[in-house]
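The values are calculated or read from the model by the stated rules, or taken from the named source; none is laboratory data. Treat the numbers as computed from the prediction; the structure is a model and nothing was measured. Every residue, glycine among them, receives a Cβ derived from its backbone with ideal geometry; neighbour counts consider all protein chains shown.
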Amino acid sequence: MRWIAFIFKLARPIYLFGCVLLYSLGGGIAKYLGVTIQWNTYFLGLGWIFLMQIGSFTLYDYFELTNYPRNQNNSNSNHDSDNQNQEKNEGLARLVVCFSCLAVAASFSVLLMQANRFTPIVAVMMAFGFLAGVFYSLPPIRLSNTGYGELIAAIAFANVIPALAFALQAGELHRLVAMSTFPLTPLLLAMIIAFQFPTYFYDIKYGKRRLMVRMGWQNAVNFHNILIVCAYLLLAIAMFFQLPVYISAPVFFTVPLGFLQMWQMKRITDGAKPNWQALTVSWIVLSFTVVYLLAYSYWIH
């Protein structure tokens, strides 16, 4: 039970639920276009994404523990030794979980090959997901500390997951996938930037070159707000290029939530005391609602 609780904590359940919504968006587009959903393949693909996500997170956590140990400010030598041993054990446990998840994900890939679902586009999507997940954390590349990792993560979640779900069913891609997911990329990138605000000064202190650190917090606030506007603008452009109105129109009901995020950021720049918990919750509600409305609209039509 302790192992289950440990893995559950490492998996970031809120992100797993986000993967379910994004994956269902790709499946919904396939169903909307008349593709018969192969449920065995559907859940194999979703399981592969779950395993890759857990493996990527645990690999990231391992190198975070290695490079930024929690006990570095502890002045008690006995406690320091105990904490070092505890962190070493936690790091080894994370590596075990990481390699286990990647091994099972490899077996899922074999099952997809046997089901004749491993088309070239599926192979490209899975390769991108694997490389993005590994190199986000793995030195010397370690995209998480370059300022570009956030963009790669946003693309992997917003574009690759729905595209993989669709390609596993249809064997190819369709313009509806691009029109439905491109607006999600700036939205998720803005969410990632917002989630980095609480750790901004910690990142500066320990030399973590994340996107927000490289930009500076003032520029990051402006960029965050521009990304929200771009998300809805891209959706409007997609409607102009014949994305069905009954698919895209419900998403515009979330515009007030988008303005709420921009207003919260403006309050921070004006010197108001930030409420990080409220900011995080409102961002989760906004992003999940947008993806849910898109996916639900495809599934019911």
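Tell me yes or no: at least one residue of region 112-120 is of a type in the set (Val, Ile, Thr), in contact with a helix residue (DSSP H, G or I) (Cβ under 8 Å, 6 or more places away or on another chain), under 18 Å from Val35 (Cα atoms) and crowded, with 22+ Cβ neighbours inside 10 Å. Reasoning before the result, please.
Taking region 112-120 as the starting set, the residues that turn out to be of a type in the set (Val, Ile, Thr) are 119.
Cutting the leftovers down to in contact with a helix residue (DSSP H, G or I) (Cβ under 8 Å, 6 or more places away or on another chain) gives us 119.
Remaining after also requiring under 18 Å from Val35 (Cα atoms): 119.
Narrowing the set further to residues that are crowded, with 22+ Cβ neighbours inside 10 Å leaves none.
Looking through region 112-120, none of the residues is of a type in the set (Val, Ile, Thr), in contact with a helix residue (DSSP H, G or I) (Cβ under 8 Å, 6 or more places away or on another chain), under 18 Å from Val35 (Cα atoms) and crowded, with 22+ Cβ neighbours inside 10 Å.
Between Phe195, Phe201, which is assigned by TED's automatic domain parsing to the domain that holds Gln264, outside any loop (DSSP other than H, G, I, E, B) and more than 25 Å from Leu257 (Cα to Cα)?
Working: Phe195 fails: more than 25 Å from Leu257 (Cα to Cα).
Residue meeting the stated conditions: Phe201.
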**Q.** Pairs with Cβ under 6 Å, 6+ apart, first in region 34-55 and over 25 Å from Gly91 (Cβ atoms), second in a loop (DSSP other than H, G, I, E, B)
**A.** Thr41/Ala115; Thr41/Arg117
Q) Do you know which residues across region 157-192 are of a type outside the set (Phe, Trp, Tyr) and assigned to a loop (DSSP other than H, G, I, E, B)? A) Gly171, Glu172, Leu173, His174, Pro183
Q) What residue, of Asn78, Asn89, Asn85, Asn71, is of a type in the set (S, T, N, Q), modelled with pLDDT under 90 and not in a helix (DSSP H, G or I)? A) Asn71
Q.
So for region 214-230 (the condition being assigned to a loop (DSSP other than H, G, I, E, B) and over 20 Å from the mean Cα position of the chain (by Cα)), does at least one residue qualify?
A. yes
Q) From Thr289, Thr185, which residue is polar (S, T, N, Q), at pLDDT 90 or above and crowded, with 18+ Cβ neighbours inside 10 Å? A) Thr185
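Output yes when any residue across region 117-137 is modelled with pLDDT of 80 or more, more than 18 Å from Ala156 (Cβ to Cβ) and hydrophobic (A, V, I, L, M, F, W, C), and no when none is.
Taking region 117-137 and keeping what is modelled with pLDDT of 80 or more, we get 117-137.
Going one step further and asking which of them are more than 18 Å from Ala156 (Cβ to Cβ), we end up with 117-120.
Next, from what is left, pick out any that are hydrophobic (A, V, I, L, M, F, W, C): 118.
Yes - at least one qualifying residue is present in region 117-137.
Of all residues being free of Cβ contacts under 8 Å to residues at least 12 places away in the same chain and hydrophobic (A, V, I, L, M, F, W, C) in region 179-206, which is nearest to Ser282 (Cα to Cα)? Just the residue, please.
Within region 179-206, the subset free of Cβ contacts under 8 Å to residues at least 12 places away in the same chain is 199, 201-205.
Filter once more, keeping what is hydrophobic (A, V, I, L, M, F, W, C): 201, 204.
On the way: Phe201: 22, Ile204: 26 Å.
It comes out as Phe201.
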